[in-house]
Amino acid sequence: QVQLVESGGGLVQPGGSLRLSCAASGSIVSIGDMIWYRQAPGKQRELVAGITSGGSTNYVDSVKGRFTISRDNAKNTVYLQMNSLKPEDTAVYSCNAEARRVGGGWYDAWGQGIQVTVSS
């Protein structure tokens with residue numbers, strides 16, 4: 001099974017920047033799409049940014065122009081660069097990846113989630 005571990009979260013001032021990382025380890029055959037989600041207290045979980053194995057990206061409208069998703073396939077890692085952070089970006093951010101089974105087929109792997117807090 002593939003395990004995902006997020007890092008890079010924490011507390012930052014409004015207007016500041018953070019870079020989240022999500023590293024995959026374990027029994028890796030191949031990894032397809034990788035996606036960052038977030039969930040704020042009292043709100044539904046939403047897709048923040050996604051990237052395909054070929055590098056195509058998409059973003060929720062509220063982060064366009066501020067966030068950038070990227071991946072390093074050699075390191076089995078996906079990143080989320082977050083600039084011009086706002087208090088409304090405060091949430092638990094989770095990494096999701098499509099992973100191929102040794103015996104064939106695909107399943108979703110999830111990280112444990114990491115807190116991002118934007119506050120003065």
remark   = The condition of being open to solvent by less than 70 Å² (accessible area, probe 1.4 Å) and among the polar types (S, T, N, Q) holds, among ASN76, ASN58, only for ASN76
note = Going through segment 62-120 in order, the residues found to be of a type in the set (Val, Ile, Thr) and more than 12 Å from ILE31 (Cβ to Cβ) are VAL63, THR68, ILE69, THR90, VAL92, VAL102, ILE114, VAL116, THR117, VAL118
message = Condition check: open to solvent by less than 60 Å² (accessible area, probe 1.4 Å), out of contact with any Leu (no Cβ under 6 Å at 6 or more places or on another chain) and small (Gly, Ala, Ser). Does GLY10 satisfy that?
response = yes
query = In segment 56-85, how many residues are among the aliphatic types (A, V, I, L, M) and more than 18 Å from LEU18 (Cβ to Cβ)?
reply = 1
ask   = For residues in segment 92-120 being open to solvent by less than 40 Å² (accessible area, probe 1.4 Å) and assigned to a loop (DSSP other than H, G, I, E, B), which is farthest from GLY15 (Cα to Cα)?
value = GLY104
task = Among what's in segment 79-91 and is part of a strand (DSSP E or B) and open to solvent by 30 Å² or more (accessible area, probe 1.4 Å), pick the residue that is nearest to SER7 (Cα to Cα).
result = TYR79
key: Residue in segment 33-55 that is least open to solvent (accessible area, probe 1.4 Å), counting only those that are more than 30 Å from GLY103 (Cα to Cα) and of a type outside the set (Lys, Arg)   = VAL48
inquiry  = Exactly one condition in (1) of a type in the set (A, V, I, L, M); (2) at pLDDT 95 or above; (3) assigned to a loop (DSSP other than H, G, I, E, B) is false for ALA23; which is it?
reply    = (3)
remark   = Taking first residues from segment 43-57 that are without any contact (Cβ under 8 Å) to a residue 40 or more places away in the chain and second residues anywhere that are open to solvent by 10 Å² or more (accessible area, probe 1.4 Å) and in a loop (DSSP other than H, G, I, E, B), the pairs with Cβ under 8 Å that are 6 or more apart or on different chains are GLU46/VAL60; LEU47/VAL60; ALA49/VAL60; SER53/SER30
query = Exactly one of (1) modelled with pLDDT under 95; (2) open to solvent by 60 Å² or more (accessible area, probe 1.4 Å) is unmet by SER30. Its number?
reply = (2)
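The values are calculated or read from the model by the stated rules, or taken from the named source; none is laboratory data. The shown structure was predicted, so the numbers you read here are calculated from the model rather than taken from an experiment. Here the Cβ is made from the backbone with ideal geometry for all residues, glycine too, and neighbour counts use every protein chain on show. Accessible surface areas use protein heavy atoms only, side chains included; no ligands, DNA or RNA. Shrake-Rupley method; radii C 1.70, N 1.55, O 1.52, S 1.80 Å.
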